[in-house]
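S.K.: Sharing a structure here in structure tokens format.
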Amino acid sequence: MYGISRRGLLQSGVAAGVLAATGLPLRAQTRGGKLTAGLGGANTSDSWDARTHSDIFMIASCHGAVFDCLTEVAADGSLVGELAESWEASADAKTWTFNLRSGVTFHNGKSFGADDVIESLQMHVGEDSKSAAKPIVEAITEMNKLSDTQVEFVLAAGNADFPYLMSDYHIVMYPAGQIEEAIAQGIGTGLYKVETFDPGVRMTASRYADHYKGDSAGFFDEIEYIAINDNTARMNALMTGQVDTINRIDFKTESLLRANPALRIQEVTGNQHYSMPMLTDVSPYNDVNVRKALKYGINRQELVDKILLGHGAVGNDTPIGPANQYYHAEMEQLEYDPDQAKFYLQQAGLDSLDIEFSASNAAFEGAVDAGQLFQSSAAAAGININVIQEPSDGYWSNVWLNKPFCACYWSGRATEDWMFATAYEEGVPWNDSQWGSDDSARFQELLLSARAELDTDKRQEQYFEMQQILRDEGGVLIPMFANYVQAVNNRIMSPDTVGNLWQMDNARMAERWSVA
Amino acid sequence: MSSLLRIILQRLGLGLVTLFVVSIVIFVAVNLLPGDFAEAILGQGATPESVAKIREDLGLDQPLIVRYFEWLMGMLTFDLGTSFAQLNFANFGGAGSVTVAEQIAPRLSNTMFLATVTACIAVPLAVTLGILAALYRNTAFDKAANMFTLSSISSPEFFMAYILILFLAVLNPIFPSLSNIFDGMPFSERLEKSMLPALTLTLVVTAHMMRMTRAAIINLLASPYIEMARLKGLSPMRVIVKHALPNALAPIINVIALNLAYLITGVVVVEVVFVYPGIGQLFVDSVKIRDIPVVQACCLIFAAAYILLNLTADILSIVSNPRLRHPK
């Protein structure tokens, strides 16, 4: 059974034990009321086409409220079924059979079944597809409808994370044969039914009466998401009580929010990380000793304190974060050590090093400042960094993947394999350090074997080793993980465990929160 | 009256030429900005292939001149086109693709609503203050009114907006700081939600109109016919309202028209601060992703607003001035 992760089982088991021991009653969540959220990250080009989604407003509206996926990552990080009730893999993790929930209906009354799954997945492939989930769906070679409630997927290569991939917010289920209409009007199987939708302005929805999740989720009668891209306006709206919750707190004014007794701040460290990739096929970064010198030459804690104002955690040069299943938390932390940096510089046969670091605030807020802090900390080790401020427009096309050393950010991925396959597998387009088997054949080998490994203990061992390789030799400096910080009015109750995979309780506040 | 008609037609013709020039300037300017729609929309996901694919789909790989004339031909048939953002993802037989006109219409009507509310507050206020300041010129009242309006026009709009939010929304919750009006909202609620942006804009435009009213009236007060009116024993208020004001109307109308145009074209900052879904926000969003059809349409609307309001001002000043109405 793969319905629950080892870590998730442990966590929920421990939590239940603690509750039983203290005799505290679980707070019951009751139905009713309205949730008004002010969200940054909306665009006038927004639509109900999940293939195009990339920011929180539409993810929270579509994936978090109106539509459903086959599987769902719970707040504690475990994987549970959403439209799929259970799933099984063949021994090589190549063939997956999903058992679908029966009796589910779309908001227009159509019942949900295997055809909807197949057609919804097919939207992502095809020559012209610009879907962000194309690589995931392309890995499926065959989709077979075994019965109305059973679908079989045959993959090109074994992938133990396949059920996790089915929780991706791009891959939501549309009604077969009515996809065009469903995209135009927002017809899904989610907890809330669209009432009005004005792209880049506002979305309102009401609770769908016969939802299969029943009384266990979706506690509000109505939800209203208001697009507020301006930081100050968002904060004003929360302070004056016009919205119940906002995302992306401006750290500079956070103390004002904390001083307001009617509000509380939710802060979680997830997989979102700020990185500095070096092209490992370009001199001098092709020398592992130079990379090591840089790893010891950066003051990670200083960056967390000054760039994130404390709202984050130091990184260890691996993209695997606390929201991942096989996060190696005990791995020894790289610390700022100019002597070590000098030592590795000498190993590389150099007395001093002159390099250029390209940055822009398009990579992350404060990237140029981070470059300057790096410049001063590395100078102590004889590394002279020239920080080049690049224009924000076209940064991702002209600088990232092109300049040998630059600033970058990643929101992270739910699974290790997904993250590695996106940016660390040899030859993939977003491999921003040109990391390949020349650098570490072992890493690429582990990447493939861990992907198809169904035994969680063996898998953990492999992923731990991969994280170690990246820390010691990897081409990407990952100095910090940035927290997701949001604020909620005390009128609204939220469970103690808040999802850390994405902002706003994994964008599922409409599903998990309730009126206090 | 035929001369008036001729002037109107002449000005409308010139207006069209202006619009044409504006469209060229905007088109070139947007294209000069670094980055284009494909790069902006793909962001970090921009691979050379996907950028090339989007450029090809949208015709962005064509030379600038070709693209401009294609747009112009559409424009001549009153077709504003479809925004790049809508075109880009309209994979399903054009479903859900909204034309620029359909996108702009509700936003423009929201902006017009805000402009109307503001004008209803600002114009009477400014003219009244101007008349009173002329009447009681060089008194404490005159100086206070001048000082207040000048300081409000001298501060940046967002600053005035935040001051109003602080006093009228946070400290004394009278008006909401969020002006998220939408279709089907009752008129009274719509008015309440629009109040803070309207007051901010009022503060910004009042000074200009008030000072022009005051100056125009004071200018006339030295004229012999005003002396005459005074000698007849009329009250100062009557002298100003009945005798001076009609002759001062032309410059006042001009300034009012200019400020009304500003209410339509200059609301970008105010709309962003108050999250008001008007054309200014749409414009900012579109510039951000280099969505040229929408940017062009917005700019043409802004330019047309200026041209038409100025034309109206000129016509009204001709109508209000018999000497211009009957030129020799």
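The values are calculated or read from the model by the stated rules, or taken from the named source; none is laboratory data. Keep in mind the model is a prediction, meaning the values are calculated, not measured. Heads up, the Cβs are rebuilt from the backbone with ideal geometry, glycines too, and the neighbour counts pull from every protein chain shown.
S.K.: Taking B:Phe84 as the residue in question, decide whether it is in contact with a Phe, Trp or Tyr (Cβ under 7 Å, 6 or more places away or on another chain), modelled with pLDDT under 85 and within 11 Å of chain A (Cβ to nearest Cβ).
M.R.: Judged against the criteria, B:Phe84 is a match.
S.K.: Taking segment B:37-49, which residues are surrounded by 16 or more Cβ atoms within 10 Å (Cβ to Cβ) and at the interface with another protein chain (Cβ under 8 Å from one of its Cβ atoms)?
M.R.: B:Glu39, B:Ala40, B:Ile41, B:Leu42, B:Gln44, B:Ala46
S.K.: Here's something else I'd like to know. Pull up segment A:243-260, narrow it to residues that are part of a loop (DSSP other than H, G, I, E, B) and at pLDDT below 90, then point me to the one that is farthest from the other protein chains (Cβ to nearest Cβ).
M.R.: Across segment A:243-260, the extreme among qualifying residues is A:Ile249.
S.K.: Of the residues B:Ala101, B:Ala105, B:Ala133, only one is buried (at least 19 other Cβ atoms within 10 Å of the Cβ) and either touching a Phe, Trp or Tyr at 6+ places or on another chain (Cβ under 9 Å) or assigned to a helix (DSSP H, G or I) (or both); which?
M.R.: Being buried (at least 19 other Cβ atoms within 10 Å of the Cβ) and either touching a Phe, Trp or Tyr at 6+ places or on another chain (Cβ under 9 Å) or assigned to a helix (DSSP H, G or I) (or both) holds for just one of B:Ala101, B:Ala105, B:Ala133, which is B:Ala133.
S.K.: Keeping to segment A:121-167, report how many residues are assigned to a helix (DSSP H, G or I) and more than 22 Å from the chain's Cα centre (by Cα).
M.R.: Here the count works out to 1.
S.K.: In segment A:137-178, what residues are in contact with a helix residue (DSSP H, G or I) (Cβ under 6 Å, 6 or more places away or on another chain) and within 14 Å of chain B (Cβ to nearest Cβ)?
M.R.: Residues satisfying the conditions are A:His170, A:Tyr174, A:Pro175, A:Ala176.
S.K.: Given the criteria more than 17 Å from A:Ser131 (Cα to Cα), of a type in the set (Asp, Glu) and at pLDDT below 85, does B:Asp57 qualify?
M.R.: Criteria not met by B:Asp57.
S.K.: Say whether the condition of being within 14 Å of chain B (Cβ to nearest Cβ) and among the acidic types (Asp, Glu) is met by at least one residue in segment A:69-79.
M.R.: no
S.K.: Now for a different question. Scanning segment A:401-428 for residues that are within 12 Å of chain B (Cβ to nearest Cβ) and of a type in the set (Ser, Thr, Tyr), which turns out surrounded by the fewest Cβ atoms within 10 Å (Cβ to Cβ)?
M.R.: Filtering first and then ranking leaves A:Ser411.
S.K.: Another question about this same structure. Can you confirm whether A:Leu191 is buried (at least 21 other Cβ atoms within 10 Å of the Cβ) and of a type outside the set (Asp, Glu)?
M.R.: yes
S.K.: Does B:Val123 satisfy the criteria of being surrounded by 20 or more Cβ atoms within 10 Å (Cβ to Cβ), of a type in the set (A, V, I, L, M), touching a residue at least 60 places away in the same chain (Cβ under 8 Å) and part of a helix (DSSP H, G or I)?
M.R.: So B:Val123 does not fit the description; no.
S.K.: Further question on the same structure: Yes or no: B:Ile174 outside any helix (DSSP H, G or I) and β-branched (Val, Ile, Thr)?
M.R.: yes
S.K.: Suppose the filter is at pLDDT below 90, away from every other protein chain (no Cβ under 14 Å) and either within 30 Å of A:Thr36 (Cα to Cα) or buried (at least 20 other Cβ atoms within 10 Å of the Cβ) (or both); does B:Thr149 pass it?
M.R.: Judged against the criteria, B:Thr149 is a match.
S.K.: Just checking, how many residues over segment A:326-370 are polar (S, T, N, Q), in a loop (DSSP other than H, G, I, E, B) and out of contact with any helix residue (DSSP H, G or I) (no Cβ under 6 Å at 6 or more places or on another chain)?
M.R.: 2
S.K.: Exactly one of these conditions fails for A:Phe197: (1) within 14 Å of chain B (Cβ to nearest Cβ); (2) crowded, with 24+ Cβ neighbours inside 10 Å; (3) farther than 22 Å from A:Glu85 by Cβ; (4) of a type in the set (Phe, Trp, Tyr). Give me its number.
M.R.: (2)
S.K.: Oh, and also: For A:Asn431, state whether it is more than 10 Å from chain B (Cβ to nearest Cβ) and either surrounded by 22 or more Cβ atoms within 10 Å (Cβ to Cβ) or outside any strand (DSSP E or B) (or both).
M.R.: So A:Asn431 passes the test.
S.K.: Right, here's the next one. Restricting the search to segment A:109-133, which residues are within 10 Å of chain B (Cβ to nearest Cβ) and surrounded by 16 or more Cβ atoms within 10 Å (Cβ to Cβ)?
M.R.: A:Met123, A:Ser129, A:Lys130, A:Ser131, A:Ala132
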